[in-house]
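Visitor: Please find one structure pasted underneath; my questions will follow.
The values are calculated or read from the model by the stated rules, or taken from the named source; none is laboratory data. As the structure is a computational prediction, the values presented were derived from the model and not from experiment. Don't worry about glycine lacking a Cβ; one is built from the backbone with ideal geometry, like all the others, and counts go over all protein chains shown.
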Amino acid sequence: MTEWHFYEPAAGHGLAHDPLNAIVAPRPIGWISSVSGTGVRNLAPYSFFNLFAYRPPIIGFCSTGWKDSVANIASTREFVWNLATRPQAEAMNATSAGVEGDEFALAGLEAAPSRLVRPDRVVGSPVQFECVLTQIVRLENRAGAATDHWLVLGEAIGIHIDTALLEGGIYRTERARPILRGGGPGDYFQPGEKFQMRRPG
């Protein structure tokens, strides 16, 4: 018989570490580059990130607090998602520091201009989505009270893919060596075992 650890989040989880983001894991990382209205570059990783729609392609990330990324995107309506991979994991982690200034320079990352939007792309990242803001949603709790969490959604209007990741016209996820956020302090993953299933119908 299963023994359950049950808790109500409002009352606390009663564990050594909050299990919520360990359960919903591993999560892709939103490595978001943006630029302020005055031209100051910003680059930051967000572990609450995902793809939400195919057509048009909508991606989004959620920020706890109105941080530079959100402020920049609200001002310019543009951003770039850069795929974070194992070779750049340490540089990606360095960009999570809450410091003033250009995170590209801080992490020693080379930047490349985008084609359709103002923010730069991360050289060495094998996939980048150039995005235009569609919505910023301030999340609310069940009572309808505003929280300090900001969901930023954008439409990918230009997509760059390293052709080494393509085989027979199919993108091979594992070749990119994407890193995925786990739930424990400092836990990251790479895709491991792969299996295939066809959807019925």
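Visitor: Do you know which of the residues in segment 40-54 that are out of contact with any strand residue (DSSP E or B) (no Cβ under 7 Å at 6 or more places or on another chain) and either surrounded by 15 or more Cβ atoms within 10 Å (Cβ to Cβ) or at pLDDT below 95 (or both) is farthest from residue 89 (Cα to Cα)?
Guide: Keep residues of segment 40-54 that are out of contact with any strand residue (DSSP E or B) (no Cβ under 7 Å at 6 or more places or on another chain), which gives 40, 53-54.
Filter once more, so that each one left must be either surrounded by 15 or more Cβ atoms within 10 Å (Cβ to Cβ) or at pLDDT below 95 (or both): 40, 54.
Numbers: 40: 23, 54: 27 Å.
Checked segment 40-54; the qualifying residue farthest from residue 89 (Cα to Cα) is 54.
Visitor: Continuing with this model, one more query. Tally time: how many residues in segment 165-201 are over 23 Å from residue 26 (Cβ atoms) and of a type in the set (A, V, I, L, M, F, W, C)? Steps first, please.
Guide: Quick first cut of segment 165-201, residues over 23 Å from residue 26 (Cβ atoms) only: 166-169, 198, 200-201.
If we keep only those that are of a type in the set (A, V, I, L, M, F, W, C) too, we end up with 166.
The qualifying residues number 1.
Visitor: In addition: Just to be sure before I move on: is residue 118 of a type in the set (D, E, K, R), surrounded by fewer than 15 Cβ atoms within 10 Å (Cβ to Cβ) and touching a residue at least 12 places away in the same chain (Cβ under 8 Å) in the structure I sent?
Guide: On the way: of a type in the set (D, E, K, R): yes; surrounded by fewer than 15 Cβ atoms within 10 Å (Cβ to Cβ): no; touching a residue at least 12 places away in the same chain (Cβ under 8 Å): yes.
Criteria not met by residue 118.
Visitor: Criterion first (more than 27 Å from residue 183 (Cα to Cα) and of a type in the set (Asp, Glu)) does residue 68 satisfy it?
Guide: Numbers: more than 27 Å from residue 183 (Cα to Cα): no; of a type in the set (Asp, Glu): yes.
It is false that residue 68 is more than 27 Å from residue 183 (Cα to Cα) and of a type in the set (Asp, Glu).
Visitor: While we're here: Suppose we filter segment 165-201 for residues that are in contact with a helix residue (DSSP H, G or I) (Cβ under 8 Å, 6 or more places away or on another chain), touching a residue at least 24 places away in the same chain (Cβ under 8 Å) and in a loop (DSSP other than H, G, I, E, B); how many remain?
Guide: 7
Visitor: Could you count how many residues in segment 119-140 are outside any strand (DSSP E or B), farther than 12 Å from residue 34 by Cα and in contact with a strand residue (DSSP E or B) (Cβ under 6 Å, 6 or more places away or on another chain)? Even if it seems obvious, please write down each step before you answer.
Guide: Our first condition is that a residue be outside any strand (DSSP E or B); within segment 119-140, this holds for 119-120, 123-126.
With farther than 12 Å from residue 34 by Cα added as a condition, the list becomes 123-126.
Filter again for in contact with a strand residue (DSSP E or B) (Cβ under 6 Å, 6 or more places away or on another chain), leaving 123, 125.
Looking only at that region, the number is 2.
Visitor: Pick from 151, 116: which is part of a strand (DSSP E or B) and at pLDDT 95 or above? If you could, list the steps in order and put the result at the bottom.
Guide: On the way: 116 fails: part of a strand (DSSP E or B).
It is 151.
Visitor: Continuing with this model, one more query. If residue 65 meets every condition in (1) surrounded by 14 or more Cβ atoms within 10 Å (Cβ to Cβ); (2) in contact (Cβ under 8 Å) with a residue 60 or more places away in the chain apart from one, which number is that one?
Guide: With (1) surrounded by 14 or more Cβ atoms within 10 Å (Cβ to Cβ); (2) in contact (Cβ under 8 Å) with a residue 60 or more places away in the chain applied to residue 65, the lone miss is (1).
Visitor: Still on this structure: On the given criteria, is residue 124 on the phi > 0 side of the Ramachandran plot, surrounded by 11 or more Cβ atoms within 10 Å (Cβ to Cβ) and either of a type in the set (Ser, Thr, Tyr) or free of Cβ contacts under 8 Å to residues at least 40 places away in the same chain (or both)? Steps first, answer last, please.
Guide: Numbers: on the phi > 0 side of the Ramachandran plot: yes; surrounded by 11 or more Cβ atoms within 10 Å (Cβ to Cβ): yes; either of a type in the set (Ser, Thr, Tyr) or free of Cβ contacts under 8 Å to residues at least 40 places away in the same chain (or both): yes.
It is true that residue 124 is on the phi > 0 side of the Ramachandran plot, surrounded by 11 or more Cβ atoms within 10 Å (Cβ to Cβ) and either of a type in the set (Ser, Thr, Tyr) or free of Cβ contacts under 8 Å to residues at least 40 places away in the same chain (or both).
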